[in-house]
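Visitor: I'd like to ask some things about the structure below.
The values are calculated or read from the model by the stated rules, or taken from the named source; none is laboratory data. As the structure is a prediction and not an experimental result, all values here were calculated from the model. Don't worry about glycine lacking a Cβ; one is built from the backbone with ideal geometry, like all the others, and counts go over all protein chains shown. Heavy atoms of the whole protein, side chains included, go into the accessibility calculation; ligands, DNA and RNA do not. Shrake-Rupley method; radii C 1.70, N 1.55, O 1.52, S 1.80 Å.
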Amino acid sequence: MKWQKIIDTEEEFEKLRSLCGTPSIRAENKVISYLDQHCREFIGISPFLTLATCDSEGRSDVSPRGDVPGFVTVLDEHHLFIPERLGNKRMDSAQNILTNPGVGLLFMIPGLGETLRVNGKAFICRDKELLELSAVNGKLPLFGIVVKAEECYLHCAKAFIRSRLWCPESWEPKESLPSAAKMMAAHMNIPNMSTEQVEEGLQEGYRDRLY
């Protein structure tokens, strides 16, 4: 399909920029290069983040990370540590980081519209002390991700206000939501693998293999 009005040159982009206007002084000045006390407090009560990575060929990936508030450890003004919990063992994010360390983090707090963005360089880490700090029920993660923060800033709540993400009264009824098991069964297309079997496997993983 051929799309119309695609912006693909610097000249066209500058015209678009002139239509969008210039950032306010608040938007220009809000970016800092270190994790200050405000960032630390935000991260300390955030139970969820998304991790954006990109491979050597520019193919991007965004992965969710979540646990109890405080699961991400701020090591100092420039570094934080994200433990790698049990997942699907694809290791997409870690593989990307190995070849392209640039990452973007988006920290969220339920009920709060503003989010914290942290951009920087990431490293795969198996430091014993850090892994022990992240243990749950005596189980250590096999590795974690250290991020060196280069840009930190608060993102406004407009997207959350427009989407009404934190408003339960706006949520779709549970019975009308997409079936994860049905989607996965269709995408995997494994002979003799039923939706019911996929659902059973999902629930078993949620119940027995969180850590």
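Visitor: Two decimals, Cα atoms only, Kirkwood Rh: what is Rg/Rh over the stretch 129-211? Don't skip to the end; give the middle numbers.
Guide: On the way: Rg = 19.4 Å, Rh = 17.6 Å.
Rounded to two decimals, Rg over Rh is 1.10.
Visitor: On the protein heavy atoms, probe 1.4 angstrom, tell me the percent of accessible surface of the stretch 1-45 carried by carbon and sulfur.
Guide: Values: 2380 of 4220 Å².
Roughly 56 percent of what the probe reaches on the stretch 1-45 is carbon or sulfur.
Visitor: Computed over the Cα atoms, what is the radius of gyration of the stretch 1-66 divided by 2.2 N^0.38 Å, N being its residue count?
Guide: Details: Rg = 18.1 Å, N = 66, 2.2 N^0.38 = 10.8 Å.
Taking the Cα Rg and dividing by 2.2 N^0.38 Å, one obtains 1.67.
Visitor: For the chain, what is the accessible area per residue in Å², given a 1.4 Å probe and the full set of protein chains?
Guide: Values: 14870 Å² over 211 residues.
Per residue, the chain has an accessible area of 70 Å².
Visitor: Further question: If each DSSP helix of 4+ residues adds -39,500 (n - 2.57) and the sum is divided by the residues in the chain, what number results at 222 nm, nearest 500 deg cm²/dmol?
Guide: Value at 222 nm, helices only, nearest 500: -8500 deg cm²/dmol.
Visitor: What is the percent carbon and sulfur in the accessible area of the stretch 102-143, measuring with a 1.4 Å probe over the protein chains and ignoring ligands? Show your work: numbers first, answer last.
Guide: Working: 1270 of 2270 Å².
Its accessible area is 56 percent carbon and sulfur atoms.
Visitor: While we're on this one: What percent of all Cα-Cα pairs in the chain falls in each 10 Å bin, counting up from 0?
Guide: For the chain, the pair-distance distribution reads 7, 24, 32, 26, 10, 2.
Visitor: In nanometres, what is the gap between the two model label sites at R209 and Q95, each 7 Å from Cα along Cα-to-Cβ?
Guide: 1.8
Visitor: Arrange the peptides 52-59, 175-182, 78-85 so that the one whose residues have, on average, the most other Cβ atoms within 10 Å appears first.
Guide: On the way: 52-59: 13.4, 175-182: 10.5, 78-85: 20.0.
My ranking of the peptides, most packed first, is 78-85, 52-59, 175-182.
Visitor: Taking amide hydrogens as modeled 1.01 Å from N in the peptide plane, which residues meet the under 5 Å criterion relative to L35, leaving out close sequence neighbours?
Guide: Correct list: H78.
Visitor: R162 to I124: extension gain in nm, 0.36 nm per residue of separation minus the Cα-Cα distance? Could you put the intermediate results ahead of the total?
Guide: Working: separation 38, 0.36 × 38 = 13.68 nm, distance 3.62 nm.
Roughly 10.1 nm would be gained on extension.
Visitor: Once label points are set 7 Å from the Cα along Cα→Cβ at both N192 and R17, what is their separation, rounded to one decimal in nm?
Guide: 6.0
Visitor: Could you work out, for the stretch 7-111, what percent of all Cα-Cα pairs fall into each 5 Å distance bin, beginning at 0 Å and stopping at the bin that holds the largest distance?
Guide: 2, 10, 15, 16, 17, 16, 11, 8, 4, 0
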